[in-house]
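The values are calculated or read from the model by the stated rules, or taken from the named source; none is laboratory data. Since we're looking at a predicted model, the values are computed, not measured. Positions of Cβ are backbone-derived with ideal geometry, glycine not excepted, and every protein chain shown enters the neighbour counts. Ligands, DNA and RNA are stripped out before the accessible areas are found, and what is left, the full protein with its side chains, is counted by its heavy atoms. Shrake-Rupley method; radii C 1.70, N 1.55, O 1.52, S 1.80 Å.
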Amino acid sequence: MAPTIDSGSLVVLRGENNIDNWERALRIELEFAEVDDYVYKTVAEPSKEDKPDEHKKWKLGRVHALKIINTTLKDDKVLTTLRINGWDQSNRDPKYLFDLIKTTIGKVTNEARSEILEQYQGLRRSGFDSIASFLNQYKLARKRVANSGLVIDNTIEYLNLYNIVKRNYPTDAKL
């Protein structure tokens, strides 16, 4: 009989920000259940006719590994990301799902980081009714940058703000 899944030791995948913790907890659970080879290696399917017991063990091992992985997929953003990137939910190979997660989650998050940084750097005072609304948007953009894991040096931050002010106010204006 296969060991039960200890969902308390598993980590729900929320994106790239916790993928390392997710993978570490997943690996431990897969090893405990003795089904890690089905995720990290390609395990050939034994002949159903010649080796029925081995085939049954192979099939149950794959299903158990897939069940463990699926237990960690509860976040709507992660599920949507996988679907957008061609997740074939009828594919019962746990290695396929694991490899898709590892390649897709990082790729999309890096693209999102790039967009966040582009929005931050592209803010212009002229696009807002008032300096207050600009500053609110600037703070929000700055928070999104920080939450994405990117670090902006204070010198760059000051230069960015200085250039925004310089572009929008004449040199003879008093600040």
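Summed over region 60-92, the residues that are in a helix (DSSP H, G or I) and either farther than 20 Å from L30 by Cα or under 10 Å from the mean Cα position of the chain (by Cα) (or both) give a count of 9. Within region 98-147, the set of residues being under 29 Å from V39 (Cα atoms) and touching a residue at least 24 places away in the same chain (Cβ under 8 Å) comprises F98, I101, K102, I105, G106, V108, T109, N110, A112, R113.
Among the residues here, K95 does not qualify as over 30 Å from L159 (Cα atoms), in a helix (DSSP H, G or I) and touching a residue at least 60 places away in the same chain (Cβ under 8 Å). There is no residue in region 166-175 that is modelled with pLDDT of 85 or more and open to solvent by less than 90 Å² (accessible area, probe 1.4 Å).
Here's the yes/no breakdown for (1) surrounded by 16 or more Cβ atoms within 10 Å (Cβ to Cβ); (2) at pLDDT 90 or above:
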site: M1; (1), (2): no, no
site: T4; (1), (2): no, no
site: V12; (1), (2): no, yes
site: E23; (1), (2): yes, yes
site: Y38; (1), (2): yes, yes
site: E45; (1), (2): no, yes
site: K67; (1), (2): no, yes
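When we screen E29, E49 for residues that are loosely packed, with under 14 Cβ neighbours inside 10 Å, more than 28 Å from S148 (Cα to Cα) and among the acidic types (D, E), the only hit is E49.
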